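These notes are about the structure you will find just below.
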Amino acid sequence: MIETVIRKRIEILADGPLVRRVTAAIDAAGITGWTVLPVTAGSGRDGRWHEERVTGADKALVLTIASADKAAALAEALAPVLTSHGLLLTMWDIEVIRGERF
Amino acid sequence: MIETVIRKRIEILADGPLVRRVTAAIDAAGITGWTVLPVTAGSGRDGRWHEERVTGADKALVLTIASADKAAALAEALAPVLTSHGLLLTMWDIEVIRGERF
Amino acid sequence: MIETVIRKRIEILADGPLVRRVTAAIDAAGITGWTVLPVTAGSGRDGRWHEERVTGADKALVLTIASADKAAALAEALAPVLTSHGLLLTMWDIEVIRGERF
Amino acid sequence: MDSVALSTFASPVILFFVLGLLAAFARSDLSIPEAIAKGMSLYLMAAIGLKGGVAVAKSGVNAEIGTALLLGLVTSFALPFAVYAALRAFARLDQINAGAVAAHYGSVSVVTFVTANEMLGGGGLPVAGYMVAVLAVMETPAILSGLLLARRGSVDTGQRPGEMLREVFLNASVVLLLGSFAIGFIAGPQRYKDVQPLFESGFKGVLCLFLLDMGLIAARRLMATRALNWRLVALAVLFPLVNGMVGLIAGHLVGLDGGTLAAFAVLCASASYIAVPAAMRLALPQADPGIYLSMSLSVTFPFNILINIGLIAAATRMLG
Amino acid sequence: MDSVALSTFASPVILFFVLGLLAAFARSDLSIPEAIAKGMSLYLMAAIGLKGGVAVAKSGVNAEIGTALLLGLVTSFALPFAVYAALRAFARLDQINAGAVAAHYGSVSVVTFVTANEMLGGGGLPVAGYMVAVLAVMETPAILSGLLLARRGSVDTGQRPGEMLREVFLNASVVLLLGSFAIGFIAGPQRYKDVQPLFESGFKGVLCLFLLDMGLIAARRLMATRALNWRLVALAVLFPLVNGMVGLIAGHLVGLDGGTLAAFAVLCASASYIAVPAAMRLALPQADPGIYLSMSLSVTFPFNILINIGLIAAATRMLG
Amino acid sequence: MDSVALSTFASPVILFFVLGLLAAFARSDLSIPEAIAKGMSLYLMAAIGLKGGVAVAKSGVNAEIGTALLLGLVTSFALPFAVYAALRAFARLDQINAGAVAAHYGSVSVVTFVTANEMLGGGGLPVAGYMVAVLAVMETPAILSGLLLARRGSVDTGQRPGEMLREVFLNASVVLLLGSFAIGFIAGPQRYKDVQPLFESGFKGVLCLFLLDMGLIAARRLMATRALNWRLVALAVLFPLVNGMVGLIAGHLVGLDGGTLAAFAVLCASASYIAVPAAMRLALPQADPGIYLSMSLSVTFPFNILINIGLIAAATRMLG
Ligand SMILES: Nc1ncnc2c1ncn2[C@@H]1O[C@H](COP(=O)(O)O)[C@@H](O)[C@H]1O
Ligand SMILES: Nc1ncnc2c1ncn2[C@@H]1O[C@H](COP(=O)(O)O)[C@@H](O)[C@H]1O
Ligand SMILES: Nc1ncnc2c1ncn2[C@@H]1O[C@H](COP(=O)(O)O)[C@@H](O)[C@H]1O
Ligand code: NA
Ligand code: NA
Ligand code: NA
């Protein structure tokens, strides 16, 4: 059997112009990496939006895998921006292979 | 330490033309929002498909975060369509920050 | 209440040219299907990259849902490629509806 | 065979389609980004809509247009019944799949029409501008007959009827075709000049690249499908032949002629693979897309492009 | 009314915009892929940049250009103060939202400028090439005044100032507009010939398709918004009227005339919906995009395209 | 220096590349959607393929073509051995990375070829149409020699050989280049006229926008890379210089001359950054993309575009 370890997976939904700030926070938390996924539409308290990169109304999903400690540190670091800029952060436990990287 | 609460994350893979029906069900279940992610290819019992928006053979992933109650209500509401239209629904527990929104 | 069963959700981040090999491994493991999501940017030990399909520097996220047995078999099968080709594999438990398909 | 048919295989437009087919069969990884393909199809529809509208602004509106529109509506609604019967009797398809496939053959393929337009025009059979409007009205009536057939006379789709009707009458290609047709008609030949370079000079080149993509998609689907058997393949060749002849006779009877008649026959011969599949996903989800898409896109579409347009052109010349 | 205004509604460019509005209001699913829309906007900016630069290479650099640039800078910085006052007093908007909206009205809309350019040129009011540079310099000063207003005189944005300044002065459209302006200027009329077919012949056609998309986006946003009330809508019509007149008078006083004067007035009348919203997301996240985007994109933009450009053209003719 | 070299920096094509470099170095957020960039690269390949095929249809097939194709094959296969030796000895790269980099320099860059084609043609050194076929055959032999070098004489890649060969010989750009070359050849000058507006008039403009994107990508990668050192940078400048001269001499010996000779030298001087990196990911995953992409894309590519094409043109004139 292959060995797996438990890590945190964190996904953060952010406005396009804010993605750079989120990834900077991930780097600052000492996490080894991140990956950005595109999103095409959404709806929330502020109403609906639909892939309007033209008007800058686009969002992206930033995904990162980290140890529980670093994940907590990242959540802590992002907390003020989360509230002020309406980011959406979700976090859960996953198994990874070659976990020593994270 | 930042406070987190446990919510359900639900992801539904649906044919392009059906996405509107899925998001309507989410709205009807009283969930605050949803986000749509693009998908580019897939394979299932019905064979393979590959980003063919031209022939309408596209799919999308609808992601929504809700309390366990509302998630169950949504699953219940979507159940008939799930079977008849071959949607794929997965659901798991996550931690969110500022959970009072959901 | 709708009945759900527990399955594994596996997500594998791979270089574009390698996606075909990952999906072949999924098919070989006897799993019923898979879905590919696009990704637009990322950062890791090898530095940053940004949606450069022009230079072949693109990646994709392959997602598949399987029973715990098949998931373990898949992880086992992919393990050598994971290390040599720098794939990222994460895995966690989810609830699915109509679980007999997987 | 006819000069149109003969020159077919030396035209860049057709050769790019063949290149797409061959590349996919050889399992090359050549592919065109989805957004680009979608963009090209929007461009092609806007361009033929505009061109048609400008032509009608020049020629004036007349009774022939009304006749052709009506004939188009009736044919699109009626063809599925015959197609359905053949699918049930010969291919032994179940009712739901037979209804879904029938809807595709009653409706039309925009790209087949555009390609025919170029080939007929180039072969001395110019097509009247108003045929774009006929194309647009033929897209959707077949959906209704297909649903009637699939559901034993009921079109109840389990969804709000408004949603279904919107899907049918305001679907993107109908809106864009009729919209740019109206724009061409209102703007007229003089004001059209400004936008002509993009919409007219570039047209054939874009069609080449679009057909390259269609060749790739059609062949890849054919290789991946598990849903076809020889009876379905035979019907997917027979339908365009028979429907084309039906269109030729019906059009001839109401007084169409030349390229316009040929174009109408091509519309009857063609099968939808854009608007109708999307509608079927919603209204007949139990139907298998493997069947209807493979038939219309991977067999009928190439057959029309490579052979049937040439045959119809030849038959039209014999008639006139 | 003036011939420019009269012919507006028969021009394909405007008709495609109207088609987009109507299709969205009718809830059609017509849409243009995001990547295509982004590609078209880059094309339009490169094309007007080049054309402007070549025109200046022909006409030579003179004092008028310096005057116009300075006037543009001052106006973009100053307009938000008046807009802000109106928003606070009449629409009772809070300080932060009023500041954010004000920044949009001080800045400019590239597409409004491009459309005006075509309509004015076609109506006998050609616009001087250097106005592209004026357009570029007017994009960003308003962001500073908007922030000053929203933050009671402090522009501290809680972020590294470098990031904010880069966002403001090196944002994509400023770089592309000024960059291709410089390229046109360096290359000159002779070398421009090589690339003219793409950038000049195709221009109006691309503008048609781009405005189709803008119509869809503007109308869809209008239908989805919950943030507008009648006072905000009234101001979103009043601002372009008043700012356009302010621009006309200010431009006239410094000696601009003809199409160049009209184009300057259009710049003042237009509101940003690309560069400024992106900056506001970063610097004023508490401001509601529902308000500023709906006002600038869904009310002011269509009003300018459909009515105000014609009015400004008429007023310009009266002046000269 | 030569007129080609002199006029380089005033050509819009080159200026857009420089704009891309500068914008990226200044950390502007300017970027071109991936799908658009991919679409433009497909367009450029189809366009030069067609043009080349039509030219050969006009000029006829002759022995010179066979000679050039053979020379191309041999050179692409042979160059990596010299490159490998230099990488091992001077930059002390390990065997795997040296093999991977060597494969890139044996192969070719389509965009460098296209740019050279335009610049040479514009400078009175027209390139024979068949060079497109030479370009296509030079894309892949270097992959084999690179693998031989990296794996001590074995090309076993741990994957099914079929997959590897398909990747190599049916990769998208080879198929599209040779496919549209064949289409141009079959269609001939007469039928090519129909599609000429898109593929010929628009060509230089699209090349501008594509080079803008390449400038952005090259500079951003250069700034992000941690894999380069001065020895690697020096070699990334030396390789195109030396390989270009080798190509010039070899081509001269077999009888090529004028623009055709210069284009062959440019092919030798250029390094792949599309086909070869993708093959290396599969076959040599242990090799570091940071090294081979940064060298070929961020150093050699700009050096060729900005300086080396001009040098090769000057040297060609001295030869003939
Ligand atoms: N901790 C992480 N979380 C999410 N994605 C990661 C992480 N580390 C690496 N990646 C992704 O995997 C790719 C390859 O990583 P690496 O092999 O470390 O260069 C990166 O470019 C990222 O897209
Ligand atoms: N419950 C939810 N589930 C998934 N996505 C959400 C949810 N709520 C909000 N979102 C996403 O977050 C964005 C901003 O939300 P809001 O701040 O509520 O307007 C929305 O446009 C959605 O894309
Ligand atoms: N086990 C699976 N894991 C992930 N995606 C799946 C799986 N099975 C099916 N899918 C996706 O769901 C789509 C429809 O599946 P099916 O209804 O089995 O044809 C496929 O085309 C895939 O994109
Ligand atoms: Na039909
Ligand atoms: Na303004
Ligand atoms: Na080379």
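Numbers for the structure displayed
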{"item": "Of D:Leu21, D:Leu282, D:Leu149, the one that fluctuates the most in a GNM where chain D has Cα springs shorter than 10 Å", "result": "D:Leu282"}
{"item": "Two-site label geometry, F:Ala85 and D:Arg151: point separation in nm, points 7 Å out along Cα→Cβ", "result": "7.7"}
{"item": "Per-residue HN-Hα couplings for the stretch D:282-289 [Karplus 6.51, -1.76, 1.60; θ = phi - 60°; Hz; x = Gly/Pro]", "result": "7, 8, 10, x, 6, 5, 8, x"}
{"item": "Ellipsoid equivalent to the protein assembly as shown - semi-axes via the Cα gyration tensor, in Å", "result": "40, 40, 38"}
{"item": "Partner chain coverage, peptide E:44-56 - average Cβ within 10 angstrom", "result": "1"}
{"item": "B:Gly47 long-range amide H proximity, modeled H, under 5 Å", "result": "none"}
{"item": "Members of D:Lys38/E:Lys193; D:Lys51/E:Lys204; E:Lys51/E:Lys204; D:Lys204/E:Lys38 lying beyond 21 Å, as alpha-carbon distances in this model show", "result": "D:Lys38/E:Lys193; D:Lys204/E:Lys38"}
{"item": "Amide H partners (placed H, <5 Å) of E:Val108, local residues excluded", "result": "E:Ser272"}
{"item": "Phi to ³J(HN,Hα) by Karplus 6.51 cos²θ - 1.76 cosθ + 1.60 over the stretch D:251-265, Hz, x for Gly, Pro", "result": "x, 4, 4, 8, x, 6, 8, x, x, 5, 4, 4, 4, 5, 4"}
{"item": "The stretch F:193-320, dipole about Cα centre (Lys/Arg Cβ +1, Asp/Glu Cβ -1), debye to the nearest 20", "result": "320"}
{"item": "P(r) of the stretch D:171-305 over all Cα-Cα pairs, binned every 10 Å from zero, in whole percent", "result": "11, 28, 36, 20, 5, 0"}
{"item": "Shielding score for B:60-67, defined as the mean number of other chain Cβ atoms within 10 Å", "result": "3"}
{"item": "Lysines whose Cα lies under 27 Å from that of A:Lys8, excluding same-chain neighbours fewer than 8 positions away", "result": "A:Lys59, A:Lys70, B:Lys8, B:Lys70, C:Lys8, C:Lys59, C:Lys70"}
{"item": "For the stretch D:56-65, Karplus couplings with θ = phi - 60° (6.51, -1.76, 1.60), whole Hz, Gly/Pro x", "result": "5, 4, 6, 7, x, 7, 9, 4, 3, 4"}
{"item": "Position D:Gln95, label points 7 Å along Cα→Cβ, spacing to each other copy in nm (shortest first, one decimal)", "result": "7.1, 7.1"}
{"item": "For A:Lys59, residues with placed amide H under 5 Å, excluding near neighbours", "result": "A:Gly16, A:Val39"}
{"item": "Peptides ranked, highest mean first, by Cβ atoms within 10 Å: ranges A:67-78, B:5-16", "result": "B:5-16, A:67-78"}
{"item": "Helical mean residue ellipticity (222 nm; -39500 (n - 2.57) per DSSP H run of 4+; nearest 500) of chain D", "result": "-23000 deg cm²/dmol"}
{"item": "For the stretch E:205-274, alpha-carbon Rg and Dmax in angstrom", "result": "15.3, 44"}
{"item": "Label 7 Å beyond Cα on the Cβ vector: E:Ala82 copy-to-copy distances, nm", "result": "7.0, 7.0"}
{"item": "For chain B, convex hull of alpha carbons as volume per residue, Å³", "result": "104"}
{"item": "Rh (Kirkwood; distinct C-alpha pairs) - the stretch E:190-245, Å", "result": "14.6"}
{"item": "Global geometry of the stretch D:1-122, whether rounded, prolate or oblate, following the gyration tensor of its Cα atoms and the 1.5 cut on a/c", "result": "oblate"}
{"item": "10 Å Cβ neighbours from other chains, averaged over peptide F:221-231", "result": "2"}
{"item": "Minimum Cβ-to-axis distance in chain D for the rotation onto chain F, with residue, whole Å", "result": "D:Ala35, 2"}
{"item": "For A:Ile6, inter-copy label distances in nm, listed shortest first [label point 7 Å out on the Cα-Cβ vector]", "result": "1.2, 1.2"}
{"item": "Helical contribution to [θ] at 222 nm, DSSP H n ≥ 4, -39,500 (n - 2.57), averaged over chain B, rounded to 500", "result": "-9000 deg cm²/dmol"}
{"item": "Approximate spin-label separation C:Ala79-D:Asp257, in nm, with each point projected 7 Å along Cα-to-Cβ", "result": "8.0"}
{"item": "Near-label residues of the stretch E:220-236 by backbone N, under 11 Å of a point 7 Å along Cα→Cβ of B:Asp27", "result": "E:224-225"}
{"item": "Residue exposure sequence - D:Ser76, B:Ser84, E:Ser31 - by fewest surrounding Cβ within 10 Å", "result": "B:Ser84, E:Ser31, D:Ser76"}
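Bear in mind that the values in this text are calculations on the coordinates, not laboratory data. All values derive from a computational prediction rather than experimental measurement. Positions of Cβ are generated from backbone atoms using ideal geometry, with glycine treated the same way; all protein chains shown enter the neighbour counts.
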